[in-house]
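Mind having a look at this structure? Questions to follow.
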Amino acid sequence: MRRAAAVLLASFAVACAPGSPDHYQGYVEGDYVYVSSPFGGRLERLGVVEGAPVDAGALLFELDPEPESSRLAEANERLAAARARLADLEVGSRPSELAAVESRLAGARAALDLAELNYARRSELYEAGHTDAVTAEELDRFRADRDGRRADVAALQAELETARLGGREGALDAARREVAALEAALEERAW
């Protein structure tokens, strides 16, 4: 038993003795790391050699930037177009378009004034018993003309109000969503 303890103590002493610094005892484990780009493209520059040590953050390779630059420029243009459509929907009609509707409305109001005068005159004659000057059929025709002119004025007033409003809420919402989607796509392209 003493002999076994002495052998064990001697082996511990040898194991703990300082060794030479040029070698170490034990095992080393390693993993192969395969590196690639998430995008395809033409290799412009290779910054490392196979098997060489690489520092963290070192440039491994560089791809031709032209295809991605073109896609980024396209994404920028699409976003600019979507923003312009949104701004157009938010503003409403142009001043010249509004002026055209206002002009048609003024013409419709003038025609309505004349139709109301004609109907009032014919109505007075008919009610005064001058059926030889105005028949019931003619009076009906003047009343229908007046009512049609009133409808024209109402339609043009509604058209003018609509032209001043800008885009419908659904169209505005769709345009806002399109802008947000294109902004996200642009961020991804820029990355």
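Please count how many residues of segment 158-171 are part of a helix (DSSP H, G or I), closer than 20 Å to Arg85 by Cβ and either open to solvent by 50 Å² or more (accessible area, probe 1.4 Å) or modelled with pLDDT of 85 or more (or both).
So the answer is 5.
For every residue, the table says whether it meets (1) touching a Pro at 6+ places or on another chain (Cβ under 9 Å); (2) over 27 Å from Glu90 (Cβ atoms); (3) open to solvent by less than 60 Å² (accessible area, probe 1.4 Å).
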residue	(1), (2), (3)
Asp113	no, yes, no
Leu117	no, yes, no
Phe142	no, yes, yes
Leu156	no, no, yes
Asp173	no, no, no
Arg189	no, no, no
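Pairs please, first residue from segment 135-147 and over 16 Å from Ala108 (Cα atoms) and part of a helix (DSSP H, G or I), second anywhere and of a type in the set (Phe, Trp, Tyr) and open to solvent by 60 Å² or more (accessible area, probe 1.4 Å), Cβ atoms under 9 Å, 6+ apart in sequence or on different chains.
Ala136/Tyr126; Glu138/Tyr126; Leu139/Tyr126
Sticking with this structure for a sec: Any residue at all in segment 22-45 that's farther than 30 Å from Gly148 by Cα, of a type in the set (Gly, Ala, Ser) and either in contact with an Asp or Glu (Cβ under 8 Å, 6 or more places away or on another chain) or surrounded by 12 or more Cβ atoms within 10 Å (Cβ to Cβ) (or both)?
Yes, segment 22-45 contains at least one residue that is farther than 30 Å from Gly148 by Cα, of a type in the set (Gly, Ala, Ser) and either in contact with an Asp or Glu (Cβ under 8 Å, 6 or more places away or on another chain) or surrounded by 12 or more Cβ atoms within 10 Å (Cβ to Cβ) (or both).
Give all pairs with beta carbons closer than 9 Å in which a residue from segment 29-44 that is in a loop (DSSP other than H, G, I, E, B) meets a residue that is open to solvent by 90 Å² or more (accessible area, probe 1.4 Å) and modelled with pLDDT under 80; count only pairs at least 6 apart in sequence or on separate chains.
Close Cβ pairs (under 9 Å, with a partner that is open to solvent by 90 Å² or more (accessible area, probe 1.4 Å) and modelled with pLDDT under 80) amount to Gly41/Glu66; Arg42/Glu66.
Cβ-Cβ below 6 Å, separation at least six or inter-chain, first residue in segment 108-133 and closer than 30 Å to Leu156 by Cα, second part of a loop (DSSP other than H, G, I, E, B): which pairs?
Filtered contacts from segment 108-133: Arg122/Val134.
Tally the residues that are closer than 30 Å to Glu68 by Cβ and modelled with pLDDT of 80 or more, restricting the search to segment 1-50.
Residues meeting the conditions: 9.
If you scan segment 46-75, which residues turn out to be open to solvent by less than 70 Å² (accessible area, probe 1.4 Å) and either at positive phi or under 27 Å from the mean Cα position of the chain (by Cα) (or both)?
Correct list: Pro67, Glu68, Ser69, Ser70, Leu72, Ala73, Ala75.
Quick one: would you say Ser93 is open to solvent by less than 60 Å² (accessible area, probe 1.4 Å), under 22 Å from Glu161 (Cα atoms) and within 55 Å of the chain's Cα centre (by Cα)?
yes
Out of all the residues in segment 125-134, which are surrounded by 12 or more Cβ atoms within 10 Å (Cβ to Cβ) and either touching a strand residue (DSSP E or B) at 6+ places or on another chain (Cβ under 7 Å) or not in a loop (DSSP other than H, G, I, E, B) (or both)?
Leu125, Tyr126
The values are calculated or read from the model by the stated rules, or taken from the named source; none is laboratory data. No experiment lies behind these values; they were computed from the predicted model shown. Neighbour counts are summed over all protein chains in view; Cβ atoms, including those assigned to glycine, are modelled from backbone coordinates with ideal geometry. For accessibility, only protein heavy atoms count, side chains too; no ligands or nucleic acids. Shrake-Rupley method; radii C 1.70, N 1.55, O 1.52, S 1.80 Å.
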